[in-house]
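Structure first, then comments.
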Ligand code: ARG
């Protein structure tokens with residue numbers, strides 16, 4: 001495993017050194033090197049420097065150029081010139097491109113370095129609610145969270161997932177009481193070999209239960225009263241009450257796992273630490289806040305106030321740590337979770353992949369934790385928001401009957417459509433039914449994940465299956481096809497092997513593809529820095545598009561010389577490996593044939 005310095009990073013060093021030599025006061029200045037349409041790269045940093053030094057930018061650029069002549073065909077810099085008001089246009093040599101790619105290809109991490117100082121990230125994602133159907137919002141949290149976990153782990157970070165499921169709160173008094181009065185309902189769903197079947201059975205059981213309990217609760221005052229008392233028993237840790245509550249949680253987990261299986265996302269039970277997991281800390285959390293004066297009594301409740309957080313009426317909106325009836329809610333649980341994650345799990349970074357609509361809640365929780373000293377400057381904390389999933393009409397996604405759409409129905413439909421696409425593509429009938437079904441699932445689930453991951457964080461997106469499984473456009477299917485196409489080239493290649501030939505001149509489409517492939521590590525780096533998987537998604541789409549142009553313009557197996565065939569196969573191979581690694585990090589499969 002050897003990390004590889006990208007061409008742009010090497011150039012960056014060279015240009016910085018030349019800047020410092022030409023203008024000694026510019027030592028350490030950023031040359032602002034960017035990819036460019038006019039040359040491979042453009043350095044714009046001279047402009048700002050000239051402005052500060054009150055110098056003529058073109059003259060200054062010429063002075064830098066004098067320190068940085070082209071290297072000739074054996075070196076890095078092929079051509080360099082001053083352009084426009086004082087830019088430097090720089091092109092690298094073909095030899096440097098192929099040579100650098102050869103170094104990447106020789107490394108099983110494609111030259112991507114590990115983080116220099118890995119930390120411990122606790123990431124809160126995939127947090128559905130017990131005894132309730134999962135909805136599309138839970139899909140987004142799971143898909144984005146899973147991709148971030150994969151990307152961070154690849155980077156060398158220690159990652160601890162926390163699935164903060166909604167398994168505590170007033171409705172559990174009602175549910176447990178109902179079950180105690182109707183013990184026949186307490187029959188567990190057997191864990192079937194087919195997880196989808198078991199999941200469906202447990203969800204319909206829970207759904208029936210929820211509805212019956214609710215009806216009784218709304219119509220029968222005495223039952224309501226017994227439910228309230230049951231809630232107190234639950235919070236006090238009464239054994240029998242807890243046993244039945246646990247049954248509800250276990251039954252829900254069967255259902256959650258079935259959906260995650262379908263989504264091809266791995267969730268480990270030891271990381272499922274729901275709201276109930278912090279129950280023992282709540283009193284202490286609120287006492288600590290009260291004693292330190294961070295929280296104060298207001299109308300009987302224990303509250304934290306913020307100068308800059310006010311409601312529409314101008315009145316301050318507090319974070320309620322403890323309600324006036326002595327009960328605890330969502331904020332107290334999250335505050336306790338911060339303590340647990342920083343003090344017991346020793347997190348250096350806390351991430352929360354949660355609906356953008358909870359932004360204010362997290363702002364208040366983080367600020368409170370800071371005031372209490374549970375979050376220090378040594379710990380980075382970030383809410384990673386996602387927007388709402390919309391229907392084609394631009395309104396929050398609903399069924400025709402106006403109900404929120406069941407996650408599983410969506411996934412099933414995506415797989416169905418993708419299977420049709422795979423079957424249609426298989427004109428020669430080479431695939432067996434089982435293969436078509438397997439690929440249909442890989443393509444369909446991949447398409448749903450990709451549509452989500454290619455959307456910038458916090459933005460709403462339209463759930464449009466037709467677009468998602470399309471072969472054209474910015475879809476995972478398009479990227480998966482590029483991968484499969486390359487695999488098929490190799491099946492036809494006979495004895496020809498991928499071998500880099502740095503001595504060969506490159507066609508424009510080869511250069512464009514090569515320069516992109518060299519950017520993989522940098523793309524991952526910026527994806528990690530901002531926790532934005534869409535940067536990786538956009539990169540993979542760009543690689544697949546550059547490959548399409550290359551494939552159109554540069555014959556591979558019919559290239560002019562055996563060396564050129566080998567060099568193009570080499571580019572194909574590195575493209576396939578980059579696409580495969582990239583999609584894997586997004587949680588998406590790359591079938592060998594499509
Ligand atoms: N269960 C919550 C919901 O469905 C999400 C939990 C988010 N995580 C947290 N630590 N508050 O909206």
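For every residue, the table says whether it meets (1) away from the ligand (no atom under 11 Å from the Cβ); (2) at pLDDT 95 or above; (3) over 30 Å from residue 327 (Cα atoms); (4) not in a loop (DSSP other than H, G, I, E, B).
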position	(1), (2), (3), (4)
89	yes, yes, yes, yes
139	yes, no, yes, yes
147	yes, yes, yes, yes
151	yes, yes, yes, yes
169	no, no, no, no
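Scanning segment 360-381 for residues that are free of Cβ contacts under 8 Å to residues at least 12 places away in the same chain and within 12 Å of the ligand (Cβ to nearest atom) returns no hits.
Going by what's in this entry, would residue 234 be described as out of contact with any strand residue (DSSP E or B) (no Cβ under 9 Å at 6 or more places or on another chain), surrounded by 18 or more Cβ atoms within 10 Å (Cβ to Cβ) and at pLDDT below 95? So residue 234 passes the test. Can you find a residue that is modelled with pLDDT of 95 or more and more than 30 Å from residue 151 (Cα to Cα) anywhere in segment 99-114? No, segment 99-114 has no match at all. Residues that are more than 14 Å from the ligand (Cβ to nearest atom) and crowded, with 17+ Cβ neighbours inside 10 Å within segment 314-334 comprise 318, 320, 321, 322, listed in sequence order.
Just one residue in the set 279, 271 is within 14 Å of the ligand (Cβ to nearest atom) and in contact (Cβ under 8 Å) with a residue 40 or more places away in the chain; that residue is 271.
For (1) surrounded by fewer than 23 Cβ atoms within 10 Å (Cβ to Cβ); (2) outside the structural domain of residue 510 (by TED's automatic domain parsing); (3) in contact (Cβ under 8 Å) with a residue 12 or more places away in the chain; (4) over 30 Å from residue 409 (Cα atoms), each residue gets a yes or a no:
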{"position": "103", "(1), (2), (3), (4)": "yes, yes, yes, yes"}
{"position": "106", "(1), (2), (3), (4)": "yes, yes, yes, yes"}
{"position": "112", "(1), (2), (3), (4)": "yes, yes, yes, yes"}
{"position": "122", "(1), (2), (3), (4)": "no, yes, yes, yes"}
{"position": "128", "(1), (2), (3), (4)": "no, yes, yes, no"}
{"position": "135", "(1), (2), (3), (4)": "yes, yes, yes, no"}
{"position": "143", "(1), (2), (3), (4)": "no, yes, yes, no"}
{"position": "146", "(1), (2), (3), (4)": "no, yes, yes, no"}
{"position": "150", "(1), (2), (3), (4)": "yes, yes, yes, no"}
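Residue 524 falls short of the stated requirement of being under 25 Å from the mean Cα position of the chain (by Cα) and farther than 30 Å from residue 95 by Cα. Of all residues in segment 44-71, those satisfying the criterion of being free of Cβ contacts under 8 Å to residues at least 12 places away in the same chain and out of contact with any helix residue (DSSP H, G or I) (no Cβ under 9 Å at 6 or more places or on another chain) are 54, 69, 70. Exactly one residue among 536, 504, 513 is more than 19 Å from residue 579 (Cα to Cα) and touching a residue at least 24 places away in the same chain (Cβ under 8 Å), and that residue is 504.
Could you please let me know if residue 393 is at pLDDT below 95, in a loop (DSSP other than H, G, I, E, B) and more than 14 Å from the ligand (Cβ to nearest atom)? Yes; evaluated as a whole, the condition is true for this residue.
Within segment 273-284, is there a residue that is in contact with a strand residue (DSSP E or B) (Cβ under 9 Å, 6 or more places away or on another chain) and closer than 30 Å to residue 413 by Cβ? Checking segment 273-284: at least one residue is in contact with a strand residue (DSSP E or B) (Cβ under 9 Å, 6 or more places away or on another chain) and closer than 30 Å to residue 413 by Cβ. Tell me, please, whether a residue that is without any contact (Cβ under 8 Å) to a residue 24 or more places away in the chain, over 15 Å from residue 481 (Cβ atoms) and touching a helix residue (DSSP H, G or I) at 6+ places or on another chain (Cβ under 8 Å) can be found in segment 424-447. Scanning segment 424-447, I find at least one residue that is without any contact (Cβ under 8 Å) to a residue 24 or more places away in the chain, over 15 Å from residue 481 (Cβ atoms) and touching a helix residue (DSSP H, G or I) at 6+ places or on another chain (Cβ under 8 Å), so the answer is yes. Taken over segment 335-359, the criterion of being surrounded by 16 or more Cβ atoms within 10 Å (Cβ to Cβ), within 12 Å of the ligand (Cβ to nearest atom) and free of Cβ contacts under 8 Å to residues at least 60 places away in the same chain is satisfied by 335, 336, 338.
The values are calculated or read from the model by the stated rules, or taken from the named source; none is laboratory data. Remember, it's a predicted structure, so these values are computed and weren't measured experimentally. Please note: Cβ atoms are built from the backbone with ideal geometry, for glycine as well, and neighbour counts cover all protein chains shown.
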